Amino acid sequence: MKMAFKSILGNKGRSFLTMLGIIIGIASVMTIVSTINGMNKRSLEQMEAMGTNRITVSAYLYNGQNAFEALYDYCNSLGSKLVQGVTPTGYCNATVVYGSKSSAAMEKNQQNMFNGDGTQNSSVALPPSLYYGSDQYGVCNNFQIASGRELSNIDIKNYNQVCVLGARAARNFFDYADPIGKELQVNGLPFTVVGVYAEKDPDSQWSMDNIIVFPYSASRLLSPGTQMNEFVVKAASAQASVEVSSRLSGFLTGLTNNGKSGSGYVDNSNQWQQNINEQATMMSLVLGGIAAISLLVGGIGIMNIMLVTVTERTREIGIRRAIGAERASIVTQFLIEAAMLCGIGGLVGMVLGTIGTRVAGSLLVHMDIWPSLSITVGAFLLSVTLGIAFGIYPAAKASKLQPVEALRAE
């Protein structure tokens, strides 16, 4: 190992250029795979925060009637062992005002939502997303009430002008004061705050906590003429979601008279989670494979430089063989040098890969991403393995030199 280290130091420039392919390969593989894994993890976290076992239902009736009441009654008839809740996912476009604070003014903050280094500016208040929901909106979207109450069926039937706020929306409009019982002006109409959801996505400015939920019956006031066609059904379990999806398909067939009086479809979100995992794995393999090509080029460079080293040290090999060195000793000597060359390159590549992952996470996906321990250790072991693999041929060639012929070399 001492001889290998001295040999590398004795040819610094050549050794660095030889390592360069390994350094670039390790750094690029670490950066790409870690960034994709981070993006996939964030997507799954957001889906889990929204709630698992969600079934998306679309139902549109040609006569203009709202299909939700029929869907609501049918889902509740299935029982809690199959269905936990059902709600519309209608979106409202309105201006919300409380005192001097207005969602219209918050829209101007969107251009300042990121700092110069790409991180999100948590002090900036962004306009809330406004949704219509049923009394089961929180169950369907995995929200827990922190204070006050959820929307009720009475609010919907009596057209009560009430709303429930997400934690960030409550903070944006009321700072740290209790908003329960206070009135928001929504398109000039008063809506009383009856509840606040517990925070579940504190790190994102475009947060799922930055929402305001109104009874879906309020659409007649805020969005007259709008028909809600998209709904979410929360199944009791992953196993139940399969049966519920099948039953809902049959229900929609009857509701739309087999497509003659409307249209509809059912989509299970659990399948989306599986698709996201499969797509992320495929992207990691494809992009990681492309980056790994530079590792192959680096390995060929290792083989090339070791062949040059064997040629330069032919006389030394001849002397060692003449005084009794076994072939195994010669092979070991050159394999150690090749492994050390790749190992040093691998360590440098790991450092650059970590830096690259941090920068990519900040600039591309605005996330705090670190390479996993398995990827880091794997990258180092891969670099050493490459050194040994591509050093075998030069080492074997060196060990086969005849002492008399080797001693004649100049």
Integer Hz, Karplus 6.51/-1.76/1.60 couplings in order for the stretch 133-145, x for Gly and Pro | x, 9, 6, 10, 4, x, 5, 5, 10, 6, 9, 10, 6
State, to one decimal in nm, how far the label point of N11 lies from the label point of I154, with both points 7 Å from Cα in the Cβ direction.
-> 8.7 nm
Whole-percent carbon and sulfur share, accessible surface of the chain, 1.4 Å = 58 percent
Computed about the Cα centre, the charge dipole of the stretch 312-407 from +1 Lys/Arg and -1 Asp/Glu charges at the Cβ has a magnitude in debye, to the nearest 20, of 280 debye
Between N76 and T332, what is the label-to-label distance in nm when each label sits 7 Å out along the Cα-to-Cβ direction?
-> 8.1 nm
Pop the C-beta distance of E405 and N304 into the FRET formula with R0 = 30 Å and round what comes out to the nearest 0.05.
-> 0.85
Between N109 and A396, the two model label points (7 Å from Cα along the beta-carbon direction) sit apart by a distance in nm of 6.7 nm
Dipole axis of the stretch 323-410 (+1 Lys, Arg; -1 Asp, Glu on Cβ), positive-most option in A395, I344, L381 | A395
Would you mind checking which residues have amide H under 5 Å from C92's amide H? H placed 1.01 Å from N; only 5 or more apart, or other chain.
-> L130, Y131, Y132
Quick one: accessible surface of D201, probe radius 1.4 Å, all protein chains present, in square angstrom to the nearest 10.
-> 20 Å²
Name the most mobile residue of G301, G259, G349, meaning the one with the largest mean-square fluctuation, in a Gaussian network model of the chain with Cα contacts below 10 Å.
-> G259
Partners for K182 among lysines (Cα-Cα distance below 27 Å; same-chain residues under 8 apart left out) = K101, K108, K157, K200
The chain - charge dipole about Cα centre, Lys and Arg +1 at Cβ, Asp and Glu -1, debye rounded to 20 | 1560 debye
Specify the inter-centroid distance of the stretch 88-102 and the stretch 339-357, based on alpha-carbon positions, in whole Å.
-> 51 Å
The chain, relative contact order [Cα under 8 Å, separation at least 6], % | 29 percent
How much accessible area does R315 have with a 1.4 Å probe, in Å² rounded to the nearest 10?
-> 120 Å²
Among L189, L222, L126, which one moves the most in a GNM of the chain with springs linking Cα atoms closer than 10 Å?
-> L189
Kyte-Doolittle at least -1.0, axis length at least 18 Å by Cα - qualifying DSSP helices, the chain | 12-50, 238-255, 269-312, 327-364, 373-399
Within the stretch 218-332: Cβ-based charge dipole about Cα centre, in debye rounded to nearest 20 (Lys, Arg +1; Asp, Glu -1) = 220 debye
What percent do you get for the relative contact order of the stretch 291-410 when only Cα pairs under 8 Å and 6+ apart count?
-> 50 percent
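The values are calculated or read from the model by the stated rules, or taken from the named source; none is laboratory data. No experiment lies behind these values; they were computed from the predicted model shown. Here Cβ is always computed from backbone atoms with ideal geometry, including for glycine, and neighbour counts include all displayed protein chains. With ligands, DNA and RNA removed, areas are computed over all heavy atoms of the protein, side chains included. Shrake-Rupley method; radii C 1.70, N 1.55, O 1.52, S 1.80 Å.
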